[in-house]
Amino acid sequence: MRALVVEDETAIATDLRAALHGAGFAVDVTADGEDAWFLGDTEDYDLVILDLGLPGLDGLAVLKRWRGNGRGMPVLVLTARGTWQERVEGIEAGADDYLPKPFRMEELVARVRALVRRAGGHSAALQETGALSLDTNRMQVALRGRPVAVTALEYRLLAYLMQNHGRPVPPPELLEHVYGDDDAREANALEAVIARLRRKLGPGVIGTRRGFGYFLEPA
Ligand code: CA
């Protein structure tokens with residue numbers, strides 16, 4: 001799972017990056033509205049945290065442009081002013097949730113998890129497909145109820161497959177959602193992660209549909 005943080009206050013952006021990374025996301029950060037618009041329009045994010053007060057193009061204009069171009073990723077808006085007019089404007093522009101500043105990072109993470117779950121059609125924190133279950137609050141993986149130790153990268157990969165269960169996910173799409181902008185993205189690195197996960201999880205959990213992609217095997 002991959003997130004974009006759009007925030008021009010460096011300290012908040014740094015805290016957001018750490019919190020989202022801790023919540024299982026690869027995280028890209030930008031402080032600039034134009035840059036944010038471009039990234040959100042060209043990259044596939046599973047979540048965006050968008051500050052409204054930005055230099056250059058403001059957050060509301062960025063959001064309107066994304067939605068106008070049919071970009072439907074979940075967006076949580078941060079607002080410093082917190083007036084009801086601004087909240088209404090944000091929601092009308094296509095925000096899925098908003099949080100007034102100052103906020104508690106715990107609340108932001110809880111809202112983010114709920115947003116991402118809803119976007120994937122899940123309402124509960126525990127997600128299951130076949131023998132595999134993911135506790136998205138604790139970021140724990142279990143196979144037939146027994147915990148399996150995974151790295152942050154492996155967790156992001158499983159979470160994205162779980163979010164998109166029922167269809168094979170092509171490797172380029174999986175790469176895009178598992179690695180951040182700064183990470184080296186190579187198809188053979190993805191194959192290595194899949195191979196490692198298959199060793200950990202055993203057969204019958206991660207399937208391959210030749211020419212289409214990877215999927216979680218149903219029960
Ligand atoms: Ca700001």
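Quick test for you: out of 16, 20, pick the one residue that is within 14 Å of the ligand (Cβ to nearest atom), at pLDDT 95 or above, not polar (S, T, N, Q) and not in a loop (DSSP other than H, G, I, E, B).
On the way: 20 fails: within 14 Å of the ligand (Cβ to nearest atom).
Exactly one residue qualifies, and that residue is 16.
When residue 36 is evaluated against the numbered criteria (1) surrounded by fewer than 21 Cβ atoms within 10 Å (Cβ to Cβ); (2) more than 17 Å from residue 99 (Cβ to Cβ); (3) under 17 Å from the mean Cα position of the chain (by Cα); (4) within 14 Å of the ligand (Cβ to nearest atom), which criterion, by number, is the only one it fails?
(1)
Which of the residues belonging to the range 34-71 are of a type in the set (Gly, Ala, Ser) and within 18 Å of residue 13 (Cα to Cα)?
Going residue by residue through the range 34-71, those that are of a type in the set (Gly, Ala, Ser) are 36, 40, 53, 56, 59, 61, 68, 70.
Residues satisfying the conditions are 36, 40, 53, 56, 59.
So residue 102 clears everything in (1) under 27 Å from residue 159 (Cα atoms); (2) within 15 Å of the ligand (Cβ to nearest atom) except one condition, right? Which one?
Exception for residue 102: condition (1).
Can you find even one residue in the range 142-158 that is loosely packed, with under 15 Cβ neighbours inside 10 Å, without any contact (Cβ under 8 Å) to a residue 40 or more places away in the chain and within 19 Å of residue 48 (Cβ to Cβ)?
Checking the range 142-158: not a single residue is loosely packed, with under 15 Cβ neighbours inside 10 Å, without any contact (Cβ under 8 Å) to a residue 40 or more places away in the chain and within 19 Å of residue 48 (Cβ to Cβ).
From (1) closer than 18 Å to residue 98 by Cβ; (2) more than 16 Å from the ligand (Cβ to nearest atom); (3) at pLDDT 95 or above; (4) not in a helix (DSSP H, G or I), pick out the condition that doesn't hold for residue 28.
(1)
The values are calculated or read from the model by the stated rules, or taken from the named source; none is laboratory data. Every value quoted in this text rests on a predicted model; they were computed, and no experiment measured them. Glycine also receives a Cβ, built like all others from the backbone with ideal geometry; neighbour counts cover every protein chain displayed.
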